[in-house]
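Structure first, then comments.
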Amino acid sequence: MKPHVMIVGAGLLGYGVLELLMRRSEDVRITVVGTDREQTRRRANLALHAVTQMGYYPSVEADQVDLFDVDRTAELIARVAPDVIFTTASLQPWWQIFELPKALAEEIDRASIGPWLPMQLTLVYHLMQAVRRAGSDAKVVNAALPDVTHALLDTAGLAPTIGVGNVANVVPGLRRAAADLLDVPLRSVQLRLVAEAFVSSGLKNDHTVNGAPYLLHVLVDDVDRTADVSVPDVVRLLSTRYARIGARDGTRLTAASALTVLDAVLDDTGAVVHAPGPNALIGGYPVRVWRDRVELALPEGVTEQQAREVNERAMVFDGIAEVRPDGTAVYTPENMAIIEKFLGYSARTVHLDESRAQAEELGAAYRAFRDGLS
């Protein structure tokens, strides 16, 4: 039977992945679900008409979901019986602050994404409870800050299979930069990049990334050529010659990164891709992906422990000091102080079971701040 993919979230990223996935044409079934049934159906139809115009004829259905209703969500998952669940659900997209005046957005962005964790954690926490309650063995691919949320969810046995975006989004530009510097064809160049979300976000804008650690190896035709190229020069080109637009518009790249993961799962290829949160690890890694498993594909000489330590140290720059075994994330005071300065909101920690209440409080504080500017 054709594999069945359920897309949870019909927003900007969900729609982008839906349209790309539809280009697999008739070898995959797709169900897209969102909070508004009619709006979700219309968005699915827009994507359907677009790919039909290009000569693809996929099968797609639309349905409604309220992730806060775990029982009903579990019933939906049991009825649809997806092989793969791709979720983009969050209570506030990470790029929303960039709709504020530019100077103000840049000031708030210095807090990084860590203090916004409840907005990314809450819905995927409820979704994973529903997946377990449904008795589903679907592979769950998550776009909501997988660098950190997966490790937190794993403390309750609820970690998704793998994440998308972040580390993967800087790989195309870095490959092009390395190919230029080594004067070799782009198709010959592959990377092995270990990087947490703060690094992958910062590399495209500032090649120094404030000293946050990462590992980058450059391979040409499967031979490690890192010693033949200056890594700082490779990274510098990413933020100069290959600089790109980001924020809301950057979700097009995240959608393409997501498709590399989904293709590997659906085709059971063992392809090497880059992804955050594989097997509940903090940060992003090169991985081999099959339908039933994910394995790290680290460069020769780099151990899993070394890679994990790099990402755990970088997570502090993102505003998360620690993920505790009891399901608690500890914020760094410096990052949270920026949020408190502008929004009047502050917290020292967030636990899985506190995430919804904290998300509601943080969301209200943000909306009050935003509306007060007008």
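The values are calculated or read from the model by the stated rules, or taken from the named source; none is laboratory data. Computed from a prediction, not measured in an experiment: that's the story for all the values here. Glycine also receives a Cβ, built like all others from the backbone with ideal geometry; neighbour counts cover every protein chain displayed. Heavy atoms of the whole protein, side chains included, go into the accessibility calculation; ligands, DNA and RNA do not. Shrake-Rupley method; radii C 1.70, N 1.55, O 1.52, S 1.80 Å.
Key figures for this structure:
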{"read-out": "Apportionment of accessible area to carbon and sulfur, the chain, percent (1.4 Å)", "value": "47"}
{"read-out": "FRET efficiency, 1/(1 + (r/R0)^6) with R0 25 Å, evaluated for Glu26 and Asp63 via beta carbons", "value": "0.75"}
{"read-out": "Ordering of 45-58, 64-77 by packing [mean C-beta count within 10 Å, highest first]", "value": "64-77, 45-58"}
{"read-out": "Separation in nanometres of the label points that stand 7 Å from Cα toward Cβ, at Ala227 and Val330", "value": "4.1"}
{"read-out": "Spread of Cα-to-Cα distances over 10 Å intervals beginning at zero, given as percent, for the chain", "value": "5, 24, 34, 26, 10, 1"}
{"read-out": "Region 32-128, relative contact order in percent, only Cα pairs under 8 angstrom and at least six apart counted", "value": "27"}
{"read-out": "Two-site label geometry, Glu322 and Glu354: point separation in nm, points 7 Å out along Cα→Cβ", "value": "1.4"}
{"read-out": "Reachable lysines from Lys204, criterion Cα separation under 23 angstrom, eight or more residues apart if same chain", "value": "Lys102"}
{"read-out": "Under 26 Å from Lys139, Cα to Cα: lysines that are on another chain or at least 8 residues apart", "value": "Lys2"}
{"read-out": "Whole-number percent relative contact order across the chain, with pairs defined as alpha carbons under 8 Å at least 6 apart", "value": "17"}
{"read-out": "Label-reachable residues, region 216-259, where backbone N falls under 19 Å from a point 7 Å from Arg291's Cα toward its Cβ", "value": "259"}
{"read-out": "Residues of region 73-143: accessible area per residue with a 1.4 Å probe, Å²", "value": "38"}
{"read-out": "Karplus (6.51, -1.76, 1.60) ³J(HN,Hα), θ = phi - 60°, over region 117-134, in Hz, Gly and Pro reported as x", "value": "3, x, 5, 8, 7, 4, 6, 5, 4, 5, 4, 5, 4, 5, 4, 5, 5, 6"}
{"read-out": "DSSP beta bridges in the chain [antiparallel fraction, %, rounded to 5]", "value": "55"}
